[in-house]
Amino acid sequence: MPNISTFIKRFGEEKAKSEFNKWYQEYRTRNLEKNREYNREYNKNWRAMFGPEEYQREWRAKNPEKYQAQRKLQWAIKKGKIKKPKFCENCPRSVGLVGHHSDYSLPFLVVWLCHACHRAVHYGNNKNRWIIEKEGNKKWQEFRN
Ligand SMILES: [Zn+2]
Ligand SMILES: [Zn+2]
């Protein structure tokens with residue numbers, strides 16, 4: 001993200017501020033649209049995984065390995081073998097907490113993430129993804145040892 005000095009260099013002191021504001025407005029609109037798109041995509045997936053039966057059926061058929069991993073995880077939670085935490089492992093939020101799998105062949109190895117962080121892992125910028133994947137990898141190492 002450029003700062004105001006980049007605009008001063010390019011447009012001169014007088015025009016810098018208005019040019020910057022113009023650019024920022026456009027940047028915000030672009031981001032809003034992107035965010036909306038991500039949200040739509042995420043909600044669609046969420047509904048397919050955890051929503052009503054009719055949404056799940058098609059998703060299951062298309063993603064058998066994901067479905068099996070989720071099912072095993074649910075079973076382990078029900079049996080008290082795995083405890084679902086109260087909060088996200090990446091931030092203090094708790095909204096829409098889900099177990100994110102890095103590897104579906106390891107159904108019990110999940111990073112618990114809130115709606116926002118989980119969305120960031122799947123659709124977000126690389127920085128967020130890196131932080132969360134790093135947490136996941138740490139767990140993976142502990143799990144293997
Ligand atoms: Zn979070
Ligand atoms: Zn995930």
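Values quoted throughout were computed directly from the atomic coordinates according to the rules given, and no laboratory measurement underlies them. Values in this document were obtained by computation on a predicted structure and should not be read as measured data. Every residue, glycine as well, gets a Cβ built from its backbone with ideal geometry; the counts of neighbours run over all protein chains shown.
3J(HN,Hα) along region 65-77, derived from phi through the Karplus expression 6.51 cos²θ - 1.76 cosθ + 1.60 where θ = phi - 60°, amounts to 6, 5, 5, 4, 4, 5, 5, 5, 5, 4, 4, 5, 5 Hz, with x in place of Gly and Pro.
Equivalent ellipsoid of region 52-106: semi-axes from √(5λ) of the C-alpha gyration tensor, largest first, are 22, 14, 12 Å.
Radius of gyration over Kirkwood radius for region 31-127, both on Cα atoms: the Rg/Rh ratio is 0.97. Taken one residue at a time, the phi angles of region 5-11 give Karplus couplings (6.51, -1.76, 1.60, θ = phi - 60°) of 5, 4, 6, 5, 4, 7, 10 Hz. Gly and Pro are set to x.
Distances between every pair of Cα atoms in region 1-62, grouped in 10 Å steps from 0 to the bin holding the largest one, split as 20, 26, 17, 15, 13, 9, 0 percent. In terms of other Cβ atoms within 10 Å, THR29, THR6 run from fewest to most in the order THR29, THR6. Can you work out ³J(HN,Hα) from phi for every residue in region 47-63, in order, using Karplus 6.51 cos²θ - 1.76 cosθ + 1.60 and θ = phi - 60°, giving whole Hz and x for Gly and Pro? Per residue, the Karplus-derived 3J(HN,Hα) values read 4, 5, 8, 10, x, x, 3, 5, 6, 5, 4, 5, 4, 4, 5, 7, 10 Hz. On the beta carbon distance between LYS79 and ALA116, with R0 = 30 Å, the FRET formula returns roughly 0.55. Modelled spin labels at ASN39 and ARG60, positioned 7 Å past Cα toward Cβ, are 3.0 nm from each other. Among GLU19, GLU14, sorting on how many other beta-carbon atoms sit within 10 Å of each Cβ, with the fewest leading, yields GLU14, GLU19.
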